[in-house]
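K.L.:
Submitted below is the structure of interest, expressed as structure tokens.
The values are calculated or read from the model by the stated rules, or taken from the named source; none is laboratory data. Nothing here was measured: the structure is a model prediction, and the numbers come from that model. Neighbour counts are summed over all protein chains in view; Cβ atoms, including those assigned to glycine, are modelled from backbone coordinates with ideal geometry.
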Amino acid sequence: MHLRKTTYMAKKGDVEARWLLVDARGKILGRLAVQVARILQGKHRPTFTPHVDTGDYVVVVHASEVKLTGRKLTDKIYTRFTGYPGGLRPTPAGEMLKKHPENMFRDAVRRMLPKNRLARKMLGKLKVFGAELPEHGFEAQGLEPMEL
């Protein structure tokens, strides 16, 4: 008699997402973004399934205190397009870190996720704050502090 082994595939209702709190203070942007992207995808779980959202919710605080290595503060350029001819607007990483640290961190994580509909769903589970956690947010979810 031959026993057949089967691979476990998670179903949409099987996954119970946790809420994790990550402090970005003093961490390197890219290295932290890699770890957050893995958690959003659910690759940290043994029940990871590529076509099902098995990831957890991640709340990142102190995104304004993240570090960039080398000369990235001056040399790295973020661009956005206004939609008009000649409307490409460059912004150095140092200025971006001061004005919009949330967008900078979210961009880094977004680029590390797969490029499909499921990734857009995963990115919706990422909450980024430049400073402390607001007083009126996420207490009810039972945030678990996570050291990365």
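A quick yes/no check of all residues on (1) surrounded by fewer than 11 Cβ atoms within 10 Å (Cβ to Cβ); (2) at pLDDT below 95:
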{"site": "47", "(1), (2)": "no, yes"}
{"site": "56", "(1), (2)": "no, no"}
{"site": "71", "(1), (2)": "yes, no"}
{"site": "76", "(1), (2)": "no, no"}
{"site": "88", "(1), (2)": "yes, no"}
{"site": "93", "(1), (2)": "no, no"}
{"site": "102", "(1), (2)": "no, no"}
{"site": "130", "(1), (2)": "no, yes"}
{"site": "140", "(1), (2)": "yes, yes"}
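K.L.:
Filter the range 83-122 down to the residues that are part of a helix (DSSP H, G or I), under 14 Å from the mean Cα position of the chain (by Cα) and more than 17 Å from residue 53 (Cα to Cα) and list them by number.
P.N.:
101, 102, 103, 104, 105, 106, 107, 108
K.L.:
Then there is this: So if I check each of 22, 34, which one is under 30 Å from residue 142 (Cβ atoms), in contact (Cβ under 8 Å) with a residue 60 or more places away in the chain, touching a strand residue (DSSP E or B) at 6+ places or on another chain (Cβ under 7 Å) and surrounded by 12 or more Cβ atoms within 10 Å (Cβ to Cβ)? Give the derivation first.
P.N.:
Details: 34 fails: touching a strand residue (DSSP E or B) at 6+ places or on another chain (Cβ under 7 Å).
That would be 22, the only listed residue that is under 30 Å from residue 142 (Cβ atoms), in contact (Cβ under 8 Å) with a residue 60 or more places away in the chain, touching a strand residue (DSSP E or B) at 6+ places or on another chain (Cβ under 7 Å) and surrounded by 12 or more Cβ atoms within 10 Å (Cβ to Cβ).
K.L.:
Return a yes/no flag: does the range 52-70 have any residue that is without any contact (Cβ under 8 Å) to a residue 40 or more places away in the chain and either of a type outside the set (Asp, Glu) or closer than 20 Å to residue 143 by Cα (or both).
P.N.:
yes
K.L.:
Another question, then. Got a number for residues in the range 5-41 being of a type in the set (A, V, I, L, M, F, W, C), more than 12 Å from the chain's Cα centre (by Cα) and part of a loop (DSSP other than H, G, I, E, B)?
P.N.:
Matching residues across the range 5-41 total 4.
K.L.:
Out of the residues in the range 49-74 that are over 14 Å from the mean Cα position of the chain (by Cα) and assigned to a helix (DSSP H, G or I), state the one that is nearest to residue 134 (Cα to Cα).
P.N.:
Selected residue: 64.
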